[in-house]
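Note sheet for the following structure.
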Amino acid sequence: MEYIVLGLLLLSGRTIYQLRERIDKGLNLMYSSSMGSIQAAVKKLLKNGYIRFEQTTENGRYKKVYHITESGRKYFLEWADSPMSVAASKNPELAKLYFMGFSEGEKREEILENYITQLKEAYTVLEIICDEAKHAHIPHGFEKIAFFQLASAQYGRDVMKFNIQWYEKLLYEIRSKGYGTK
């Protein structure tokens, strides 16, 4: 989560609520967008001197706007320039699937149907993000950043599509083999 926060702060200063709002719009597939996880990341980044904040007043309310520091920028760029790792892309839901044979048949179908519904909802959100990004005005100098942000959204969308098809096929097989009860 720390790198997500740093990356977003590289683009512009933000409050914790603005960070959460941005993470909820597409990045939540990579990391949890809970306030707790964001606040924990912000606290750690502040402690390490990677971010700072300025307190402002808006409509009589105090708010903290966070900004990345030069050391935070260096820390973020070291991470961004490091190799990608297959080991980092784990799916904990596969463990549930692995042990699903122990659950009741009707529960299996219900769990998979609900999961497919969630996947379809996430797919719809990513499809909207990808469509909107195609028509967005990109400020000069941000073209490369926008390109890779769109690529990650397209990847997420395509993974969702694959998962929907895969789990629908699995549900069909469970039903045809009699491993469910519906």
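Each value in this text was obtained by applying a stated rule to the coordinates, not by laboratory testing. Note that the coordinates shown come from a computational prediction; the quantities given were computed from them, not determined experimentally. We place every Cβ from the backbone using ideal geometry, glycine too, and count neighbours over all the protein chains shown.
Between Lys44 and Tyr17, the FRET efficiency estimated from the beta carbon spacing at R0 = 22 angstrom works out to 0.75.
Which residue, Phe162, Leu126, Phe148, has the largest displacement toward the positive end of the dipole of the chain when charges sit on each Cβ (Lys, Arg +1; Asp, Glu -1)? The one lying farthest along the dipole's positive direction is Phe148.
About its Cα centre, the dipole of the chain is roughly 500 debye, where the only charges are +1 on Lys and Arg Cβ and -1 on Asp and Glu Cβ.
Taken one residue at a time, the phi angles of the stretch 124-131 give Karplus couplings (6.51, -1.76, 1.60, θ = phi - 60°) of 4, 4, 5, 4, 5, 4, 5, 5 Hz. Gly and Pro are set to x.
Let me spell out the model: positive unit charges on the Cβ of Lys and Arg, negative unit charges on the Cβ of Asp and Glu, origin at the Cα centre of the stretch 43-138. What dipole size does that give, in debye rounded to 20? Numbers along the way, then the final one.
Values: 15 positive and 15 negative charges, 165 e Å.
In total the dipole reaches around 800 debye.
Using a cut-off of 24 Å between Cα atoms, the listed pairs Lys44/Lys120; Lys96/Lys161; Lys43/Lys134 include Lys44/Lys120; Lys43/Lys134 as exceeding that distance. The residue among Ala136, Ile116, Leu171 whose Cα reaches farthest toward the positive pole of the charge dipole of the stretch 90-182, with charges on the beta-carbon of Lys, Arg, Asp and Glu, is Leu171.
When only C-alpha pairs under 8 Å and at least 6 residues apart count, what is the relative contact order of the chain, in percent?
On the way: 144 pairs, mean separation 38.3, N = 182.
With pairs under 8 Å counted, the relative contact order is 21 percent.
Apply 1/(1 + (r/R0)^6) to the Cβ-Cβ distance of Phe142 and Trp166, taking R0 = 35 Å, and write down the FRET efficiency to the nearest 0.05. Working shown, then result.
Details: r = 35 Å, r/R0 = 1.00.
After rounding, the FRET efficiency stands at 0.50.
A Cβ-based charge dipole, computed about the Cα centre of the stretch 90-182 with Lys and Arg at +1 and Asp and Glu at -1, lands at about 260 debye.
Across the chain, the longest run free of exposed loop sites, meaning chymotrypsin sites (Phe, Trp or Tyr not before Pro) lying outside DSSP classes H, G, I, E and B with no more than 12 other Cβ atoms within 10 Å, spans 1-98.
Under 5 Å from the amide H of Ser34 lies no amide H of any residue 5 or more positions distant or on a separate chain, with H modelled from the backbone and absent for Pro and chain starts.
Give, in nm to one decimal, the length gained when the segment between Glu54 and Glu173 is fully stretched (0.36 nm per residue of separation minus the Cα-Cα distance). Let's see the in-between values first.
Values: separation 119, 0.36 × 119 = 42.84 nm, distance 5.66 nm.
Value of the extension gain: 37.2 nm.
For the chain, the 222 nm mean residue ellipticity estimated from helices alone, with every DSSP H stretch of n ≥ 4 adding -39500 (n - 2.57) and the total spread over all residues, rounds to -21000 deg cm²/dmol. Between helix 35-47 and the chain there is an angle of about 40 degrees, using the helix long axis and the longest principal axis of the Cα atoms.
If you filter the stretch 82-151 for GluC sites (Glu not before Pro), then keep DSSP loop positions with at most 14 other Cβ within 10 Å, what is left?
Numbers: sites: Glu93, Glu104, Glu106, Glu109, Glu110, Glu113, Glu121, Glu127, Glu132, Glu143; in loops: Glu104.
Counting only loop positions with at most 14 other Cβ atoms within 10 Å, the GluC sites (Glu not before Pro) in the stretch 82-151 are Glu104.
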